[in-house]
Amino acid sequence: MNVKKKARIGMIGYRFMGKAHSHAYRDLPFYFDTPVEPVLQAVAGRSEAEVGRAADKLGWLSWETDWRRLLERPDIDVIDIGAPNHLHAEIAIAAAEAGKHVICEKPLAVSADKAAEMLDAVRKAGVVHMVCHNYRFAPAVQMARKLIAEGRLGTIYHFRGEYLQDWLADPSLPLNWRLRKADSGSGAHGDLMSHVVDLARYLVGEIAEVSGMLHTFVQERPIDGRPGEKGRVDVDDSSSFLAKFACGALGVFEASRFARGNRNGNRFEINGSKGSLRWDMENMNVLQLYLEDDPQGVQGFRTISCTEAVHPLAGSYWPAGHIIGYEHTFINMMAAFMEGLYRGVSPSPNFEDGYRNQLLLEAVERSAASRQWIAVPPY
């Protein structure tokens, strides 16, 4: 009988990302035959009543009200960080020093300096680490990378990426931690643009130089529970920049939480000498492909439903045409993480990717402040 190794997870945070991660851990063995299987050992949160309810609902065996207790427990192998951004560095460094493997939500940290400290800590400890840029793991995105790597698009000329949402467009929405720099590090720039940057690096390569612009549309918002009082918003609502890739390609990037009608508009288009690709997270199973060597008269973008067994990752799910959803990007990501735990190798995207992304995001911030082109610091 083949007895699989178990990875006992200690997760910090149980709301949006905690729910997504819990679902991925629970469903992973149903779809993937990984050499390591996750065990939902313990979840941590500040409210005893709420974390207890979350543990019951999400399927965790136990719970803690102090994340530090997870680090002290010998029955925890992995720390999963879904806490607010400003806590990532403290938790990840402490987890690494305790000998725990670490998987952390994005952006990796509130600054490149903090990200560098996190990377240094996991390297010194020799633990496996990963950062949760889950959109890499949509089968259509994986297929896009495969086509580019095979040279089907030829020399890459352009990357055009955007991540547009509209959940903050109402100025009456109250202030929350995502709108405070001390807690989040940045606004749409870190929350959304970090995903676009990661996809660009994954698909096209490193970015050498940027020219950016950041803007805050609503400067003050109501403070929840304190009628008539408002607090200052000190992060960006919108982020845009131009980029020059090291390979010679040009990039146009935009992220906003004020784009009415866009619920989760994470999209890219890539143009090369032989063809082009388009992808939209709101239609995530579909990849659009144009090839210049198609015969005249039938040239145009074809629509590929990336649900066939030949498409990366898709073969673990349903028959062709039976689409998967947002939650499956996390399952795919956790499959890579479990494989990494087995091999003792940190799968990409890992803390090195998170640090590189942070260097790029900060270069955009410096460009916006100086109104100049800024070189992205070498890694």
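Just a few scattered comments:
- The packing ranking of peptides 160-171, 24-35, highest mean first, is 160-171, 24-35, where packing means the average number of other beta carbon atoms within 10 angstrom of each residue.
- Computed over the alpha-carbon atoms, region 26-181 gives an Rg to Rh ratio of 1.02, Rh here being the Kirkwood radius from the mean inverse distance.
- Distance violations [Cα-Cα > 23 Å] among Lys6/Lys100; Lys244/Lys274; Lys146/Lys274; Lys114/Lys181; Lys57/Lys106; Lys4/Lys100: Lys57/Lys106
- Ranking Pro35, Asn266, Ala98 by how far each Cα lies toward the positive end of the dipole of the chain (charges on Cβ) leaves Pro35 at the top.
- Check: region 158-211 dipole with +1 on Lys, Arg Cβ and -1 on Asp, Glu Cβ, in debye: 120
- Debye-sum result for region 153-225 in log10 I(q)/I(0), which assumes one identical scatterer on each alpha carbon, at q = 0.18 Å⁻¹: -0.84
- Ellipticity at 222 nm from helices only: DSSP H runs of n ≥ 4 in the chain, each -39500 (n - 2.57), divided by the residue count, give -10000 deg cm²/dmol.
- Figure legend: label point modelled 7 angstrom from the Cα of Ala309 along Cα→Cβ; residues of region 13-34 with amide N under 17 Å from it are 31-33.
- Computed from label points 7 Å out along Cα-Cβ, the spacing between Arg226 and Arg46 is 1.5 nm.
- Counting only protein heavy atoms and a probe of 1.4 Å, the accessible surface of region 116-173 is 50% carbon and sulfur.
- Of the options [x] 172; [y] 152; [z] 143, only one is volume of the Cα convex hull per residue in Å³ as computed from these coordinates, and that is [y].
- Across all directions, the average projected area of the convex hull around the alpha carbons of region 97-190 is 9.4 nm².
- Each of Leu70, Phe351, His322 was placed along the dipole of the chain (beta-carbon charges, centred on the mean Cα), and the one lying farthest toward the positive end is Leu70.
- Förster radius 35 Å - calculated FRET efficiency between Glu292 and Asp113, Cβ distance, rounded to 0.05: 0.20
- Rounded to the nearest 20, the Cβ-based charge dipole of the chain about its Cα centre (Lys and Arg +1, Asp and Glu -1) stands at 140 debye.
- Listed peptides 279-285, 359-365, 303-309, 371-377 by packing density, highest first (mean Cβ within 10 Å): 359-365, 279-285, 303-309, 371-377
- Most to least accessible of Ser184, Ser348 (protein chains only, probe 1.4 Å): Ser348, Ser184
- Region 256-358 - percent of accessible surface contributed by carbon and sulfur, probe 1.4 Å: 48
- Burial order of peptide ranges 118-124, 330-336 (average beta-carbon count within 10 Å, highest first): 330-336, 118-124
- Integer Hz, Karplus 6.51/-1.76/1.60 couplings in order for region 264-274, x for Gly and Pro: 7, x, 8, 9, 8, 9, 10, 10, x, 5, 10
- A Cβ-based charge dipole, computed about the Cα centre of region 240-379 with Lys and Arg at +1 and Asp and Glu at -1, lands at about 400 debye.
- Ordered from longest to shortest, the equivalent ellipsoid semi-axes for region 225-373 are 32, 24, 20 Å, each the square root of 5 times a Cα gyration tensor eigenvalue.
- Secondary structure note: in the chain, about 60% of the DSSP beta bridges are antiparallel.
- Per residue, the chain exposes 44 Å² of solvent-accessible protein surface, assessed with a 1.4 angstrom probe and all protein chains in place.
The values are calculated or read from the model by the stated rules, or taken from the named source; none is laboratory data. Only a predicted model underlies this, so the values are computations on that prediction, with no experimental measurement involved. Here Cβ is always computed from backbone atoms with ideal geometry, including for glycine, and neighbour counts include all displayed protein chains. Areas reflect the complete protein model, heavy atoms only, side chains present, ligands, DNA and RNA absent. Shrake-Rupley method; radii C 1.70, N 1.55, O 1.52, S 1.80 Å.
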